[in-house]
Every structure is written in C-alpha cells, then in structure tokens.
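Below is one structure, written out as structure tokens, with a few remarks after it.
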Amino acid sequence: MRKFLVVLDDSTECLNAMRFAAMRAAHTQAGVEILAVIAPEEFNHWIGVGDLMREEARERIQVHFEVFAKWMRDRQGVDPELVIREGEPVDEIMAQVIDDPEIGVLVLGAGTGRKGPGPLVTQLTKNSGTLPIPVTIVPGDLGKERLEAIT
C-alpha cells in the first residue's frame, strides 16, 4: 500500500499537512504514516534526566498524535500509524523514507510568517532533486474548503 508521510511537530502549518495527507489517502485508498522526530539537543543532560525527558517527549507526541488520528479515523476513514525517531529532523525524515519503501509522498506544511516556509521545507526543498519520492508542500493558510476541493 502506498503511504503519505507527514511530519508531526508543534508548528501551526502541521495541521494543514495532516489534513491534506488524510484527505489524499482517503481519496486514493492509501495510508498515512505520521513521523515525529525528537531532536537530540533535548536530552543533553545527565543520563537519568535525559531518559525522563525522552519519555515525556514520547508521551506528548502520543497525545498529539491521538488528536490527529481520531480526526483521520472519524472523518476520513484513514487509520494512521505513528513512527517516532530520535535525531536531526531532516536526517530522520530521509532515513524513514529509505527504511519504508511503501512511502510514496512526503507531505510538508509551509509556514506563512515572515520567517519563511519553515526549516523543514527550506532544507528538504534544497535536496528535492535527490529525494526518492515527490514532496507536496501545503500552504499553512490554505482553508479547509480549499483543501477539500484540491484533494
């Protein structure tokens, strides 16, 4: 089965990327894989403290995931899977794409602020010519009705 890979983070544009991935998956009988990356700098503490922080990060990710997963199941009939990796976000996204040959499209949300589209979009579009899959960039301020129309 072909899957859409979407990145779960704390950005506001993440919401539109999740919506787009779920709607496209529902319309094409595909799956959704949600990737959350825990950056290593979050755990540069003593071993016990780092382990506790890592577990808390995983719990926050799980709660965040469940919100999106419930919406995807209830509204789109898509049952997403969660993958949590630790490392640098771009490296871990690339590793996940390589590790899971069912991933057919990477979906990213683009920020609309003055800082630009966001670090993931910026870094991954620089490497887009060497990516083994297409990347779909979803504008962060695209309305729900427009998303439904284009998916």
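Please treat every number below as a calculation from the coordinates, not as lab data. Because the structure is predicted, anything quoted here is derived from the model rather than measured. Quick reminder, even Gly has a Cβ in these numbers, built from the backbone with ideal geometry, and neighbours come from all protein chains shown.
Below 8 Å, C-alpha to C-alpha, sequence gap of six or more: please give me the relative contact order for the chain in percent.
33 percent
Is the shape of the range 109-151 best called rounded, prolate or oblate, per the rule: a/c under 1.5 gives rounded, else a/b larger than b/c gives prolate, else oblate, with a ≥ b ≥ c the square roots of the Cα gyration tensor eigenvalues?
Details: a/c = 4.82, a/b = 1.35, b/c = 3.57.
In terms of gyration-tensor shape, oblate.
Which FRET efficiency value, to the nearest 0.05, do you get for Gln62 and Asp91 by plugging their Cβ-Cβ distance into 1/(1 + (r/R0)^6) with R0 = 22 Å?
Numbers: r = 22 Å, r/R0 = 1.02.
Plugging the Cβ-Cβ distance into 1/(1 + (r/R0)^6) gives 0.45.
Which entry is the computed mean projected area of the Cα convex hull in nm² for this structure: (i) 8.1; (ii) 12.0; (iii) 9.2?
(iii)
Out of residues 5 or more away from Val78 or on other chains, whose amide H comes under 5 Å of its own, with H placed 1.01 Å from N in the peptide plane?
Close amide H contacts, sequence-distant or interchain: Arg73.
Which of the peptides 18-30, 124-136, 92-104 is most tightly packed, and how do the rest follow, going by the mean number of other Cβ atoms within 10 Å of each residue? Intermediate values should be presented prior to the final figure.
Values: 18-30: 20.9, 124-136: 12.7, 92-104: 15.8.
For the peptides 18-30, 124-136, 92-104, the packing ranking is 18-30, 92-104, 124-136.
Can you put Phe65, Phe4 in order of Cβ neighbours within 10 angstrom, beginning with the fewest?
Working: Phe65 19, Phe4 27.
The most exposed by this proxy come first: Phe65, Phe4.
Assigning unit charges at the beta carbon (Lys, Arg +1; Asp, Glu -1) and nothing else, what dipole magnitude in debye, to the nearest 20, does the range 3-150 show about its Cα centre? Could the numbers behind the result be given before it?
Details: 15 positive and 24 negative charges, 142 e Å.
About 680 debye.
If I model a spin label as a point 7 Å beyond the Cα along the Cα-Cβ vector, how far apart are those points for Arg2 and Glu145 in nm?
Computed distance between label sites Arg2 and Glu145 equals 2.9 nm.
Post the alpha-carbon centroid distance, the range 61-112 to the range 115-151, in whole angstrom.
A separation of 14 Å, based on Cα centres.
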